[in-house]
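Trainee: Got a structure here, written out as structure tokens. Questions coming.
The values are calculated or read from the model by the stated rules, or taken from the named source; none is laboratory data. Quick caveat, the model's predicted, so the values are computed rather than measured. A quick note on method: Cβ atoms are made from the backbone with ideal geometry, for glycine too, and the neighbour counts reach across all protein chains shown. Each accessible area value is taken on the protein alone, full model and side chains, heavy atoms only, with ligands, DNA and RNA left out. Shrake-Rupley method; radii C 1.70, N 1.55, O 1.52, S 1.80 Å.
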Amino acid sequence: MELADEIVINAPKDRVYAALNDPEVLQQCIPGCEELIQHSDTELEAKVVLKVGPVKARFGGEVTLDKSGAPDAFSLSGQGNGRAAGHAKGGADVTLTADGDTTILKYVAKAQIGGKIAQLGSRLIQSTAKKLAGKFFTSFAKVMEDASQA
């Protein structure tokens, strides 16, 4: 499964990049995120509760950041396990483009799932993934706007 989108964030690129690397901001914005622990500059551990159709599961997993293209681009990859519900792994490539006082954030994300959750059907999973990505970026844009007004 692949998702791609872009969003305009009302903040300069350097602030957007910094916020995307701030575990506190990310935990606030990731739907269902209970805990986000930064182990190093490029390694994070997350605990997330997700509901996909009738299946609700707590996933634990690791995320690795590749900041070699920073601050214009970076990528992340990760994998998580929801025990009986199944497992997921994937990643995303993110690019940031300055546009005056705003930043255009583009992403392309890929994911693979297995186990019980994979049996729900690709349409349901795709629509849930799209909804979760939308929630994340809506929350992220709001956090950035609130921060710039403070």
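Trainee: Pick from Ala98, Ala109, Ala46, Ala129: which is part of a helix (DSSP H, G or I), of a type in the set (A, V, I, L, M, F, W, C) and within 27 Å of Lys142 (Cα to Cα)? Explain how you work it out, then say what you get.
Mentor: Working: Ala98 fails: part of a helix (DSSP H, G or I); Ala109 fails: part of a helix (DSSP H, G or I); Ala46 fails: part of a helix (DSSP H, G or I).
Result: Ala129 is the single residue among Ala98, Ala109, Ala46, Ala129 that is part of a helix (DSSP H, G or I), of a type in the set (A, V, I, L, M, F, W, C) and within 27 Å of Lys142 (Cα to Cα).
Trainee: Still on this structure: Would you mind finding the one in Pro71, Pro54, Pro12 that is at pLDDT below 90 and not aliphatic (A, V, I, L, M)? Explain how you work it out, then say what you get.
Mentor: Numbers: Pro71 fails: at pLDDT below 90; Pro12 fails: at pLDDT below 90.
Going through Pro71, Pro54, Pro12 in turn, just one is at pLDDT below 90 and not aliphatic (A, V, I, L, M): Pro54.
Trainee: Please tell me if Pro23 is modelled with pLDDT under 95, open to solvent by 50 Å² or more (accessible area, probe 1.4 Å), in contact with a Leu (Cβ under 9 Å, 6 or more places away or on another chain) and not charged (D, E, K, R).
Mentor: no
Trainee: Then there is this: Out of the stretch 126-150, which residues are open to solvent by 90 Å² or more (accessible area, probe 1.4 Å), over 28 Å from Gly82 (Cα atoms) and modelled with pLDDT under 90?
Mentor: If the condition is that a residue be open to solvent by 90 Å² or more (accessible area, probe 1.4 Å), over 28 Å from Gly82 (Cα atoms) and modelled with pLDDT under 90, then Gln149, Ala150 are the ones that fit.
Trainee: Please verify whether the stretch 44-61 includes one or more residues that are closer than 23 Å to Leu96 by Cα and either open to solvent by less than 30 Å² (accessible area, probe 1.4 Å) or in contact with a Gly (Cβ under 8 Å, 6 or more places away or on another chain) (or both).
Mentor: yes
Trainee: While we're on this one: Out of the residues in the stretch 102-125 that are open to solvent by 50 Å² or more (accessible area, probe 1.4 Å) and within 23 Å of Leu26 (Cβ to Cβ), which is modelled with the highest pLDDT?
Mentor: By that ranking, first place goes to Lys106.
Trainee: Quick check on this structure: which one of Thr64, Thr97, Thr103 is hydroxyl-bearing (Ser, Thr, Tyr) and touching a helix residue (DSSP H, G or I) at 6+ places or on another chain (Cβ under 7 Å)?
Mentor: The unique qualifying residue is Thr103.
Trainee: Another question about this same structure. So, in the stretch 64-90, how many residues would count as being open to solvent by 40 Å² or more (accessible area, probe 1.4 Å) and either touching an Asp or Glu at 6+ places or on another chain (Cβ under 8 Å) or in a strand (DSSP E or B) (or both)?
Mentor: Of the residues in that region, 10 qualify.
Trainee: Continuing with the same structure: Would it be correct to say that Ser40 is among the hydroxyl-bearing types (Ser, Thr, Tyr), free of Cβ contacts under 8 Å to residues at least 40 places away in the same chain and over 27 Å from Thr97 (Cβ atoms)?
Mentor: Judged against the criteria, Ser40 is a match.
Trainee: Within the stretch 94-150, which residues are more than 23 Å from Pro71 (Cα to Cα) and of a type in the set (D, E, K, R)?
Mentor: Answer for the stretch 94-150, where residues must be more than 23 Å from Pro71 (Cα to Cα) and of a type in the set (D, E, K, R): Lys116, Arg123, Lys130, Lys131, Lys135.
Trainee: State all residues of the stretch 6-16 that are open to solvent by less than 40 Å² (accessible area, probe 1.4 Å) and farther than 19 Å from Lys130 by Cα; if no residue qualifies, say none.
Mentor: Correct list: Ala11, Val16.
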